[in-house]
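Right, one structure below, let's go through it.
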Amino acid sequence: MLPGTLESYWIDSTPATSYPPLAAGTEVDVAVVGGGIAGVCTAWEVAATGRTVAVLEADRVLTGVTGYTTAKLSSLHTLVYAKVARAFGREAARLYAESQQSAVERAVTLSGELGIDCDLERVPGFTYAESEAALQDIRDEVEAAGEAGLRASFTTETGLPFPVAGAIRVEDQAQFHPRKYLLGLLDDLTRRGGSVFERTRAVGLEEGEPCRVTTEQGSTVVARDVVVATHYPVFDRALLFTRLSPRREFVVAGPLSAHRDPAGIYITQEQNTRSVRTAPYGDGRRLLIVTGEHFPPGTADVTERFERLLAWTRDRFPGVEIAYRWATQDNSTTDGVPFVGPFHPGAEHVHVATGFGGWGMSTGIMAGRLLAAAIAGDRLPWADLYDPRRLHPLREAGPMLKLQAEVARHFVGDRIRASHVDSVDDIAAGSGAVVRMGGEQRAFYRDEHGAVTALSARCTHLGCIVHFNDAERAWECPCHGSRFGLDGSVIQGPANRPLQRKDLDA
């Protein structure tokens, strides 16, 4: 049995929301599809320009990817600056740094101006290496980040309770409670006349002047502009799924005494990624938050990955009792820079924000500013850098081919496999598996009492066969990252329809 509550601390420590579903059609200047950090920040920035705006969220706001983040608010994105400078030039790296650091400062400014108590703390950020072999990458990043305009330096001294070979240290970074911050923005958004609709899944988009968004309940939102901020775009007309690679990471968290606080935000690419930060926890304690063990959705034996992260945490921070564990998911683009801007080459009034590469806090805030400016007819200096219409064939050809080969492997290979197990009788209590029955593959889950639920194993996005995640008890699509509950309900897109219920018998 894995320790800790299978829930995000951010969700557990804040009140639940209760915005109404959209019961009838409405008309606004801007419709924002998605109630995570990118959607909420975009909606707030749009409302601040005096435009009317409505947020449509399929479930409850801030309970998706944003509710399961580690909430580092940083412009130091592991080793991004050397890569961006090599691929796109030093000016692109400078614009990346300027846009991301301005997002950090935006959160600091707005939390102060709006009186949002979100546990925001200014701390340095570190990307570190424990091995001498990785030191050159660290030194290259120090140089590239410094040239990009960040206050970067090389150091061998950190607040971590173990030695490092070297690290890049960047000043003026931050950490905060993401739900407290964004719930504060939502309160101010509604005061400005903005609307928020929960349990309102968008299933259709008609582009035009105006645009129309249709919901699962049959209501229609008419808007001049639409922003698709659903983490992974739920509308595929731009074919962005061919340039997005999903991955999940585990998080474990537990209290430690304040004197053991490493006083910073840390990350290393070694050991399949390790990320460390703390948060205020009361009674003179801090909540240690450790992230790592990234893997593609649909990977087998994910419990073992959770156990490796737990073992690392206990080894490096002895005595910490795990109180929470959860997992997060994000997408990376094939050229390493997020997509924020026009949805596709012909789009005039439809915009998208996706591919944040694990750095959704600063990028989500940045996306809100960038998209609100574009809708208002302004253009921020870094708009071209993030424009989804860009295409760099030489840089992207290899990653795109690799990504599509992996999708094809699952799409074809998972169909011709006879079965994931031989029969439903082989499925243990509290577990799930795919079994071929009646000429099709079905996803079966057996609960602790022996009751079995049967679903179609075909993902409702593009038809790949789902796999069972044994650590989180969910069905996951290995092709594009859609996730489904044990009852088939959609947890995460791009799918926007549930898995079909099936009979237990053939």
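The values are calculated or read from the model by the stated rules, or taken from the named source; none is laboratory data. These numbers were taken from a predicted model, which means no experiment stands behind them. All Cβ positions, glycine included, derive from the backbone under ideal geometry; neighbour counts span all protein chains shown.
Residues in the range 475-493 that are at pLDDT below 85 and either of a type in the set (Phe, Trp, Tyr) or over 19 Å from ALA300 (Cα atoms) (or both): 1 in all.
Number of residues in the range 220-268 that are part of a loop (DSSP other than H, G, I, E, B), farther than 26 Å from PHE176 by Cα and within 17 Å of the chain's Cα centre (by Cα) equals 2.
Conditions tested, residue by residue: (1) closer than 23 Å to CYS41 by Cβ; (2) modelled with pLDDT of 95 or more; (3) among the β-branched types (Val, Ile, Thr).
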{"position": "ILE138", "(1), (2), (3)": "no, yes, yes"}
{"position": "GLY159", "(1), (2), (3)": "no, yes, no"}
{"position": "VAL170", "(1), (2), (3)": "yes, yes, yes"}
{"position": "ARG179", "(1), (2), (3)": "yes, yes, no"}
{"position": "ASP188", "(1), (2), (3)": "yes, yes, no"}
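Within the range 315-355, the set of residues being outside any strand (DSSP E or B), of a type in the set (Lys, Arg) and buried (at least 21 other Cβ atoms within 10 Å of the Cβ) is empty.
Within the range 126-149, the set of residues being in a loop (DSSP other than H, G, I, E, B) and under 21 Å from THR273 (Cβ atoms) comprises GLU130, SER131.
Here GLU57, GLU45 are screened, and the one residue that is at pLDDT 95 or above, crowded, with 24+ Cβ neighbours inside 10 Å, acidic (Asp, Glu) and in contact with a Leu (Cβ under 8 Å, 6 or more places away or on another chain) is GLU45. Is it the case, given these coordinates, that THR291 is part of a loop (DSSP other than H, G, I, E, B) and closer than 30 Å to ILE465 by Cα? It is false that THR291 is part of a loop (DSSP other than H, G, I, E, B) and closer than 30 Å to ILE465 by Cα.
Search the range 256-279 for residues being within 21 Å of GLU141 (Cα to Cα) and hydroxyl-bearing (Ser, Thr, Tyr), and hand back the single one that is surrounded by the most Cβ atoms within 10 Å (Cβ to Cβ). By that ranking, first place goes to THR268.
Checked against (1) on the phi < 0 side of the Ramachandran plot; (2) buried (at least 17 other Cβ atoms within 10 Å of the Cβ); (3) touching a Pro at 6+ places or on another chain (Cβ under 9 Å); (4) outside any strand (DSSP E or B), PHE306 passes all but condition (3). Candidates are the residues of the range 198-214 that are touching a Gly at 6+ places or on another chain (Cβ under 9 Å) and buried (at least 22 other Cβ atoms within 10 Å of the Cβ); the one that is modelled with the lowest pLDDT is ALA202. So, GLY50, is that one of a type in the set (Gly, Ala, Ser), out of contact with any His (no Cβ under 8 Å at 6 or more places or on another chain), without any contact (Cβ under 8 Å) to a residue 40 or more places away in the chain and not in a helix (DSSP H, G or I) or not? Yes; evaluated as a whole, the condition is true for this residue. Of the residues making up the range 432-468, those that are in contact with a Gly (Cβ under 8 Å, 6 or more places away or on another chain) and either part of a loop (DSSP other than H, G, I, E, B) or buried (at least 21 other Cβ atoms within 10 Å of the Cβ) (or both) are ALA443, PHE444, TYR445, ASP447, GLU448, LEU455, HIS461, VAL466, HIS467, PHE468. Can you work out which of the residues in the range 280-290 that are touching a helix residue (DSSP H, G or I) at 6+ places or on another chain (Cβ under 8 Å) and touching a residue at least 60 places away in the same chain (Cβ under 8 Å) is surrounded by the fewest Cβ atoms within 10 Å (Cβ to Cβ)? In this case the residue turns out to be LEU287. So for the range 475-492 (the condition being surrounded by fewer than 16 Cβ atoms within 10 Å (Cβ to Cβ), without any contact (Cβ under 8 Å) to a residue 60 or more places away in the chain and over 30 Å from VAL33 (Cβ atoms)), does at least one residue qualify? Looking for residues that are surrounded by fewer than 16 Cβ atoms within 10 Å (Cβ to Cβ), without any contact (Cβ under 8 Å) to a residue 60 or more places away in the chain and over 30 Å from VAL33 (Cβ atoms), one finds none in the range 475-492, hence no. Here the condition is being hydrophobic (A, V, I, L, M, F, W, C), in a helix (DSSP H, G or I) and either in contact (Cβ under 8 Å) with a residue 60 or more places away in the chain or under 22 Å from PHE484 (Cα atoms) (or both); of ALA24, ALA38, it holds for ALA38 alone.
So ASP187 passes all but one of these: (1) surrounded by fewer than 16 Cβ atoms within 10 Å (Cβ to Cβ); (2) touching a helix residue (DSSP H, G or I) at 6+ places or on another chain (Cβ under 9 Å); (3) within 23 Å of ILE375 (Cβ to Cβ). Which condition number does it fail? It is condition (2) that ASP187 fails.
Contact map, the range 313-328: first residue of a type in the set (Gly, Ala, Ser), second residue part of a helix (DSSP H, G or I), Cβ cut-off under 7 Å, separation 6 or more or different chains; pairs are ALA327/TYR68. When ALA71 is tested against (1) hydrophobic (A, V, I, L, M, F, W, C); (2) on the phi < 0 side of the Ramachandran plot; (3) in contact with a helix residue (DSSP H, G or I) (Cβ under 9 Å, 6 or more places away or on another chain), only condition (2) is not met. Could you tell me whether any residue of the range 102-114 is basic (Lys, Arg) and in a helix (DSSP H, G or I)? Yes, the conditions are met somewhere in the range 102-114. Out of the residues in the range 169-219 meeting the condition of being among the aliphatic types (A, V, I, L, M) and in a strand (DSSP E or B), tell me which one is farthest from SER18 (Cα to Cα). Ranking the qualifying residues of the range 169-219, first place goes to VAL170.
Within the range 329-357, being of a type in the set (A, V, I, L, M, F, W, C) and either more than 21 Å from ASP378 (Cα to Cα) or at pLDDT 90 or above (or both) holds for VAL337, PHE339, VAL340, PHE343, VAL350, VAL352, ALA353, PHE356.
Every listed requirement among (1) closer than 30 Å to THR215 by Cβ; (2) of a type in the set (Phe, Trp, Tyr); (3) in contact with a Phe, Trp or Tyr (Cβ under 6 Å, 6 or more places away or on another chain) is met by TYR266 save one, (1).
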